[in-house]
Amino acid sequence: MRLDKMLAAMGIGTRSEIRKACRDNRIQVNDAIIRDPSVHIDPDQDIVKVDDEEIGFTRYVYFMLHKPAGTISSTSDSRTTVLDLIDCNVKGLYPVGRLDLDTEGLLLITNDGPLGHQLLSPKHHVEKEYIVQLKDAVTDSQLEPIRRGIRLNKEETCLPAEVRITGEKECHIIMKEGKFHEIKRMFLAIGTEVVYLKRIRMKNLILDESLKPGEYRPLTDAELNGLKESAL
Ligand code: URA
């Protein structure tokens, strides 16, 4: 891997800042000053230092974020994004999937493109579980169309979802797809409105309730291994 690519991936600076740091003799590989940022290094073996500080190479990072309402699930926007909440310079971070602006709860933030792709791929049917609070109480029989796969309009029909009543105006729903505003539109289709929505699980990954909205932590090895297990 090129030295400048490795350092840029670790958030040390832009390629041109790294070129300048090389010219200024600030970068060492295995204790030798390197003036050519394009040299190839083995990030798992070679010791890279900037201003005498060792820069460890982490290919991928994984964070569980408790997304607060009012943050946008995208990588850049004039409003506060979920990435603004993460204090990490590693390049290429993104949220795996989108929650609406007013939805709270579990969001995986990573720079692991292949894993995110696998979790979001419609063919993998990854389970997502939500707490849904409703404007009105619903009966169990009202939920039947959602269980069978509700038709939203001429073009869109949802996959069957597991849904159960958990309170006077509250349900838990387990979805295997993620159409735009899907849960809100499902409940509108049965005659009520979602007033609060919180994601509490994606596949094996359960929202850590010790995280307050806006807080995050790295995934444990067990959580990560569970996410990587094939759904097949
Ligand atoms: N369904 C919705 O309607 N909103 C979300 O944020 C997630 C699922």
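Every number here is computed from the coordinates shown, using simple stated rules; none is lab data. Just so it is clear, the model here is predicted, and its values are computed rather than measured. All Cβ positions, glycine included, derive from the backbone under ideal geometry; neighbour counts span all protein chains shown.
Numbers for the structure displayed
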item	result
Net charge dipole size for region 127-202 [Lys, Arg +1 and Asp, Glu -1 on Cβ; Debye, nearest 20]	180
Alpha-carbon centroids, region 113-141 and region 1-30: separation in whole Å	42
Rh by Kirkwood over Cα pairs, then Stokes-Einstein D for region 43-171 at 1.567 mPa s and 4 °C, µm²/s	72
Range of Cα positions in region 1-100 per principal axis (Å), largest first	49, 26, 20
Whether region 3-54 is rounded, prolate or oblate, judged on the alpha carbon gyration tensor where a/c under 1.5 counts as rounded	rounded
Rotationally averaged projected area of region 127-202 (alpha carbon convex hull; nm²)	4.4
Contour excess over end-to-end distance, with Cα ends at Arg147 and Asp36 and 0.36 nm allotted per residue	33.9 nm
Relative contact order %, the chain, counting alpha carbon pairs below 8 Å whose residues are six or more apart	19
Estimated dipole of region 46-123 in Debye, rounded to 20 [Cβ of Lys and Arg +1, of Asp and Glu -1, Cα centre]	460
Charge context of Tyr216, other residues only, Cβ under 15 angstrom, K/R +1, D/E -1	-3
Within straight-line cross-link reach of Lys49, lysines at Cα separation under 23 Å, skipping those fewer than 8 residues along the same chain	Lys5, Lys20, Lys91
Rounded if a/c under 1.5, otherwise prolate or oblate - region 80-151, Cα gyration tensor axes	oblate
Radius of gyration and maximum dimension Dmax of the chain, Cα, Å	22.2, 72
